[in-house]
1. With every protein chain kept in the model, how would you rank TYR5, TYR358, TYR167 by accessible area, 1.4 Å probe, largest at the top?
2. Using the Cα centre as the reference, give the magnitude of the dipole from point charges on the C-beta atoms of the range 1-160 (Lys, Arg: +1; Asp, Glu: -1; all else neutral), rounded to the nearest 20 debye.
3. Determine the alpha carbon to alpha carbon distance for each of LYS37/LYS404; LYS58/LYS240; LYS71/LYS467 and list only those over 31 Å.
4. Over the alpha-carbon set of the range 294-384, work out the extent along each principal axis and list the three values in angstrom, largest first.
5. Students often get this wrong: which residues of the range 136-168 have the backbone nitrogen under 14 Å from the point 7 angstrom along Cα-to-C-beta of ARG258?
6. Restricting to Cα atoms and excluding each atom paired with itself, what does the Kirkwood estimate give for the range 130-256 in Å?
7. Going by amide H atoms built from the backbone, whose H comes under 5 Å of the H on ILE239, apart from near neighbours?
8. Accessible area per residue for the range 50-180 in Å², computed with a 1.4 Å probe and the full protein assembly in place, what is it?
Amino acid sequence: MSEAYDVIVIGAGPAGYPAAIRAGQNKLKVACVDEWKNFDGTYAFGGTCLNAGCIPSKALLESSELWQRAKHEFSAHGIAIGDLTLDLPVMQKRRASIVKTMTNGITALFKANGVVGIQGHGRLLPGNRVLVTGADGAEKTLQAVHVVLASGSTPVRLKTVPHDGHYIVDSWNALEFTEVPARLGVIGAGVIGLELGSVWRRLGSEVTVLEAMEQFLPIVDAAIAKEAQRHFNKQGLDIKLGAKVSAATVAGNAVDVRYSDAQGEHTLQVDKLVVAVGRRPFTEGLLADGTGVRLDERGFIEVDEHCRTGVPNVWAVGDVVRGPMLAHKGKEEGVMVADLIAGHFAEVNYRVIPSVIYTAPEIAWVGQTEQQVKAGGRAYKVGTFPFAASGRARAMEAAQGFAKIISATDDDEVLGVHVIGPMAGELIGEAVLAMEYSASTEDIQRTIHAHPTLSEALHEAALAADKRAIDGINR
Ligand code: FAD
Ligand code: NAD
């Protein structure tokens, strides 16, 4: 007889593991199957985010930022530290140990919430059964009332740029470099390209980023993108827009990259080449014939707004379904599904999902850009406040960038909030909460913000939307 569960989750990334935990909290009998293996061959829960994405990248962004500040900013504080030395093995050991602590944490959370964690491959069979193949190749079939598919995503590869994991690499390899490459090429000036480009630039690489689009960061509000580009150029990230890569070949210990742009054909020689041109949904080996689960033309599992696949009691969440490929979006979907299965009310507010790019300065936003509001035709007002006028940002030696709020003229609704500056990713939380609770711009204006904090920039931007800023000049 097969083992039976109320819920089986396939995938223990930030979409799958919260689904399993919430199902456990809802007193459902739940198992979570995951096949992630690290480079050393060990299994680990946590998916891309914990093992090869959000967490290791932020560990290195933090370390490299400290290195950068020690080198270039401490002197402004009157702190002289003489010659600095970079110990990359220690930096990488710290990164690996943070990852291990976090992934082990999931095992502990599973235990605490009654989730049976299974390491191995899961395949959905017709009739809501899951075939699990364990590390030793042994197979067993589990029966479920509900199955949640949370198999995540994988990097897009370019045919003309053959991945070899050493010279031509993806973001995961680029997080585990054991030496600082003297010359680093990055294809794609998206979130990964900018974050990883920043890490290695700060640690000393000469970084060239080749971006196919003519426009820099088109997903971001145009004023923010312009400010960001100015800072990245100043930091020495050589971002080439409109660059179409035609080939990359490994020659000796280097990679020759051929690309063309408006100026003509070029060859770039680098020591490592990171391909960061987006991610695609991962469903290889996930669905047996006859399950009825449908994929769209881009390979995403088709779901409705409640993450139902259309097959009774089969759900899908996270990067493998439509919407932004963000850990927190997947988490909310996972929790929603586990609550719906238990018969509770649950939904995800897809209009209020924050985004953060963890560069320096950081970039964060929620809601619509000014360009989107304009295209929608609704009358709007804009308030901005520069961190140059923030006492706290000055004290931090981080008085770069600005906060921007876009609000409807008719009813004062907050339509979008955009921040480029210190701790932007933390600051955006206030804007997310305000929009989630349908706060008006006046509500933010009337909310007391502690002084001196960075959050005053959002307060002043809200005041500036009505030309009532106190610490900035109203234009
Ligand atoms: P995944 O995290 O990909 O997890 C899916 C899991 O399912 C994996 O463990 C996989 O092995 C397993 N699996 C797949 N198929 C099967 C199967 N058949 N059987 C068993 N197991 C299976 N997002 C943010 O919000 N913030 C960030 O700062 C951020 N930084 C990132 C940095 C990098 C370098 C990268 C690459 C991504 C980053 N992301 C970030 C994106 C984030 O990692 C993803 O949005 C998130 O991991 C998606 O979660 P998921 O659970 O849907 O999928
Ligand atoms: P992305 O979509 O952010 O950026 C890819 C970039 O590559 C785009 O600018 C695109 O125009 C460019 N591009 C595509 N094909 C190209 C080509 N052939 N030549 C040159 N440029 C090309 O994707 P990403 O940076 O790979 O990140 C993947 C996903 O991971 C994103 O969806 C993102 O949401 C997620 N992620 C999030 C964070 C975060 O939240 N801070 C960090 C990293 C990754």
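The values are calculated or read from the model by the stated rules, or taken from the named source; none is laboratory data. The shown structure was predicted, so the numbers you read here are calculated from the model rather than taken from an experiment. As a convention, Cβ positions derive from the backbone with ideal geometry for all residues, glycine included, and neighbour counts pool all protein chains shown. Ligands, DNA and RNA are excluded from the accessible area calculation, which covers all protein heavy atoms including side chains. Shrake-Rupley method; radii C 1.70, N 1.55, O 1.52, S 1.80 Å.
1. Working: TYR5 20, TYR358 85, TYR167 45 Å².
If we order TYR5, TYR358, TYR167 from most to least accessible, we get TYR358, TYR167, TYR5.
2. Values: 17 positive and 12 negative charges, 51 e Å.
In total the dipole reaches around 240 debye.
3. Working: LYS37/LYS404 42 Å; LYS58/LYS240 25 Å; LYS71/LYS467 40 Å.
Result: LYS37/LYS404; LYS71/LYS467 exceed 31 Å.
4. Cα spread of the range 294-384 along its principal axes, largest to smallest: 48, 33, 31 Å.
5. 160-162
6. Working: mean 1/r = 0.0578 Å⁻¹.
In the range 130-256 this quantity evaluates to 17.3 Å.
7. Under 5 Å from the amide H of ILE239 lie the amide H atoms of VAL209, each far enough along the sequence or on another chain.
8. Details: 6710 Å² over 131 residues.
With all protein chains present, the range 50-180 gives 51 Å² per residue.
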